[in-house]
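Below: one structure, written as structure tokens.
The values are calculated or read from the model by the stated rules, or taken from the named source; none is laboratory data. Because the structure is predicted, anything quoted here is derived from the model rather than measured. Reconstructed Cβ throughout: ideal geometry from the backbone, glycine too, with neighbour counts over all protein chains shown. Remember, those area values only see protein heavy atoms, side chains included, never the ligands or the DNA or RNA. Shrake-Rupley method; radii C 1.70, N 1.55, O 1.52, S 1.80 Å.
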Amino acid sequence: MKIIVEAAGWLKRFTSGRSELELDLPENASAIKAAATAGIPESETGFLIVNGKKVDGAYVLKDGDTVKVYSHIIGG
Amino acid sequence: MIYEDYVRVLYINLSTGKIRIEHRKDLHEYLGGVGVASRLLEETVKPELEPLDEAQPIVFAIGAGSTVFPVLTKTVAMFRSPLTGELGESYAGGRMAMTLFMAGYDAVVIQGRSCKPVYLAITRNDVEFKDARALWGMSSDEVGRVVREREPGRGKRSIIRIGPAGENMVSFASVCVDTYRHFGRLGLGAVFGSKNLKAISIVGDKSIPVKNFKEYFKVYQEIYNRVTDTEIMSKYHDAGTPINIEPLNAAGALPTKNLRQNVFEYGDNISGETFAQKNLIRKMACTGCPVGCIHIGQFRREFDKGHEYEAVSESYDYELLFSLGSFLGTKTSDEVLQLIELAEHYGLDAMSAGVALGWATEAFMKKLVTEEQTLVPLGFGKTQSYLKAIEYMANKRNDFYKALSEGVNKASDLYGGKEFAMHFAGNEMPGYHTGYGAIIGAAVGARHSHLCNGGYSIDQSMKEFDKEKLVSALFEEEKERCMLNSLVICLFARKVYDRKTILMALNSIGYNLKDEDLTAIGERIYKTKLRIKKALGFDQMSVKLPKRLFETPSMMGQLDENVAYELLGMYNKRVEEMMAGA
């Protein structure tokens, strides 16, 4: 299935500077799997938004979904 | 002092003009930093007197390994806060820790009030009291420039100073450290102002030989490599903390327009990415830090007709983009920098200033106050009005701005709007509406800061909400950070400085500590802070949370006020149990 992964801000360092990638993933792939396939390590993944809704990493994707990946909130 | 079994404290009395230096062996068990500062504050604070009484102390302290290892760069200030009336605790980087260390002081206690404006020139074994009447009224930038020109020690010097807001004793006036860093929170600037103390120059030129160089260098290199060669710190250097705008906005956790919203429709315009692309011109580091997380942004200002422009540079962090950005509905990065620059000019804590203006805007919209009082038509996104309002607040222009200059808690006592006065026990809220962790963390934190226990971070990492686990996590983190702040580690590097690394570092410079010693030090410091808070009249169970926190959904969804108060009670029980065993 076709999945779009969008990397926000700082995470683009893991996607060779690309903010959007189209991936071909197996059926029932999870949101965190999509992020990892795009090159974003799980340890750097803070939030996942699928089609505008915040989801857990285990969320099962459907063909045509868009996964936006955001970094952790950082601070002191 | 490293290699010594005492803490070297410089006492300065502004009333008498006298100083003394004590070698305090009894403070050694507090390690340094916030531990030593807490004990010194407990000894010298006067609970029966007002926060700005001349008898109240200002305490500065550096950590057990300040500047000896990478990223141990900060100085802690402790005082009685004029904003909350209780524990004042604030941290700043820059060069101050390095200069105090190399001048031979672990801590400084300032008491009394000068009969005329002064600045202090602190050097090794000496303090000069210098006439600052000509500096009174100057912005923090201007006074920094003048003191730089007058005082020797370039490159080995730190200059800390206040602006007009501190002189006017605005309850959330800040102290500027070496231009780009601040003791921002809880009103240290007002305490300076109340003492007629405009600035302090510290020159540190002492050399301290390392005793076991081989062992020390091995440890230093290991830490340095972790800081520079791993991903742990790189995001702080890259776009810095402003990268938070994007994830917080996406997760519905970005306090916007006085927390009437949790998502900012112009969030992309003020994101870390936008600042990096449009405004970022330079990155800087505190002395002793190889990271360089201080981001300097620039905007163009027209200062006269006929295409007369100047470039203005200011440092920016996430908290400022929240308080003067999303919280006020500011739509562009240039406008955020303009607001930061003015808050800096007057010497205000940008966080409290923004949150105060957010409350004032809503109070104006709800007709609790009129334009006769606000003097400008306040409205979210109206930057020109906010620029005027910052000036009025710093100068206490009328009764309304005088009230606002005491913080949203006191202003809302007078004008109403308590339900949307966004503070925790008197300290204006930080920029995280992530869930119960952020709320309870700020409410119970010793200084009511998000940095006391990182509640926002616990919200982020907790897979499933569990009351007991949340309370335990906050309690343990609060104690752990007391220990970390006894070394005054920059908390950005807390993942570098795990327990093993801390012990390795301290034991390579003459300490003989074990893991359980660090636990005991953390608890000892936390108990000291709680004793001070109690003496100053703080009662955890009397804290009232603004209703707005439970009206606007957080990252965890809609929060329940009853659950929040239940969590406060649970946390308080943990505190009582610990203190009963004291």
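Think of each Lys and Arg Cβ as +1 and each Asp and Glu Cβ as -1; about the Cα centre, that makes the dipole of chain B roughly 1220 debye.
Apolar share of the accessible surface for segment B:7-203: 45 percent from carbon plus sulfur atoms, 1.4 Å probe. Set against the 2.2 N^0.38 Å expectation for a compact globular protein, segment A:2-70 has a Cα radius of gyration ratio of 0.94. Taking the centroid of alpha carbons for each part, segment B:126-193 and segment B:352-387 are 29 Å apart.
Of the trypsin sites (Lys or Arg not before Pro) found in segment B:280-350, those in coil by DSSP whose Cβ has at most 10 other Cβ atoms within 10 Å are B:305.
Only one residue of B:439, B:564, B:449 has its Cα farthest out toward the positive end of the dipole of segment B:427-580, where Lys and Arg carry +1 and Asp and Glu -1 on Cβ, and that residue is B:449. The figure for residue B:418 is an accessible area of roughly 80 square angstrom, using a 1.4 Å probe on the protein chains alone.
Could you tell me which of rounded, prolate or oblate describes segment B:238-393, using a ≥ b ≥ c as the square roots of the eigenvalues of the alpha-carbon gyration tensor, with rounded for a/c under 1.5 and, failing that, prolate when a/b is larger than b/c and oblate otherwise? Oblate, because a/c is 1.5 or more while a/b does not exceed b/c. In square angstrom and rounded to 100, what buried accessible area do you get between chains A and B, total over both, with the probe at 1.4 Å? Chains A and B together bury roughly 2000 Å² of accessible area. Applying the criteria of a DSSP loop state and at most 14 other Cβ atoms within 10 Å to the GluC sites (Glu not before Pro) of segment B:203-251 yields B:231. When B:22, B:344, B:576, B:371 are compared by accessible surface with a 1.4 Å probe, the order from highest to lowest is B:576, B:371, B:22, B:344.
If only the Cβ of Lys and Arg carry +1 and only the Cβ of Asp and Glu carry -1, the dipole of the protein assembly as shown around its Cα centre is close to 1460 debye.
Heavy atoms of the protein chains alone define the surface here; on that basis chain B has 36 Å² accessible area per residue at 1.4 Å probe size. Counting only protein heavy atoms and using a 1.4 Å probe, the accessible area of residue B:237 comes to about 80 Å².
Of the trypsin sites (Lys or Arg not before Pro) found in segment B:526-567, those that fall in a DSSP loop while having at most 15 other beta-carbon atoms within 10 Å are B:544, B:547. Distance check, please: which entries in B:367/B:410; B:46/B:116; A:53/B:283; B:74/B:495; A:12/A:53 exceed 25 angstrom between their Cα atoms? Exceeds cut-off: A:53/B:283. Mind running the shape call on chain B? Use the C-alpha gyration tensor, a ≥ b ≥ c as the square roots of the eigenvalues: rounded below 1.5 for a/c, prolate if a/b tops b/c, oblate otherwise. Rounded is the answer for chain B, as its axis ratio a/c remains below 1.5.
Other residues whose C-beta falls under 15 angstrom from the C-beta of residue B:291 contribute a net charge of +4, scoring Lys and Arg +1 and Asp and Glu -1.
Would you mind checking B:366/B:463; B:382/B:547; B:195/B:305; B:156/B:533 for any pair whose Cα atoms are more than 30 angstrom apart? Going by Cα-Cα distance, B:366/B:463; B:195/B:305; B:156/B:533 fall outside the 30 Å limit. Note on chain B: helix-only mean residue ellipticity at 222 nm, from DSSP H runs of 4+ residues weighted -39500 (n - 2.57) and normalised by residue number, equals -12000 deg cm²/dmol. Other residues lying with their Cβ under 13 Å from the Cβ of residue B:139 contribute a combined charge of -4, Lys and Arg counting +1, Asp and Glu -1. Phi-derived couplings, Karplus 6.51 cos²θ - 1.76 cosθ + 1.60 at θ = phi - 60°, listed residue by residue for segment B:239-245: 9, x, 4, x, 4, 5, 4 Hz, with x used for Gly and Pro. Count Lys and Arg as plus one, Asp and Glu as minus one, and take only other residues whose Cβ is under 11 Å from that of residue B:15; the net charge is then +2. Legend: residues in segment A:36-57 shielded by at least 50 square angstrom of accessible surface upon adding the remaining protein chains to the isolated chain (1.4 Å probe, heavy atoms) are A:47. Here, segment B:427-580 is characterised by an Rg to Rh ratio of 0.99, where Rg is the alpha-carbon radius of gyration and Rh the Kirkwood radius. Each residue of segment A:34-43 was assigned a 3J(HN,Hα) from its phi angle through the Karplus curve 6.51 cos²θ - 1.76 cosθ + 1.60 (θ = phi - 60°); the sequence is 4, 4, 5, 5, 6, x, 8, x, 4, 5 Hz, with glycine and proline shown as x. Scalar couplings 3J(HN,Hα) for segment B:119-130, obtained by applying the Karplus form with A = 6.51, B = -1.76, C = 1.60 to θ = phi - 60°, are 10, 9, 10, 9, 10, 4, 6, 8, 9, 9, 9, 10 Hz; x denotes Gly and Pro. Between the amide H of residue B:282 and those of B:296, distances stay under 5 Å, these residues lying 5 or more places away or on another chain, with hydrogens modeled in the peptide plane.
With the Cα gyration tensor of the protein assembly as shown giving a ≥ b ≥ c as the square roots of its eigenvalues, does the rule (a/c under 1.5 for rounded; else a/b larger than b/c for prolate; else oblate) give rounded, prolate or oblate? Judged from the Cα gyration tensor, the protein assembly as shown comes out rounded (a/c under 1.5). A probe of 1.4 angstrom, applied to the heavy atoms of all protein chains, finds residue B:332 with accessible area near 50 square angstrom. Between segment B:54-74 and segment B:511-548, how far is it from one alpha carbon centroid to the other, in angstrom? First find each Cα centre; the distance between them is then 18 Å. Remark on residue A:20: its backbone amide H falls under 5 Å from those of A:7, a criterion applied only to residues 5 or more positions apart or on other chains, H modelled at 1.01 Å from N. In a reduced charge model with +1 at each Lys and Arg Cβ and -1 at each Asp and Glu Cβ, segment B:427-580 shows a dipole moment near 480 debye about its Cα centre.
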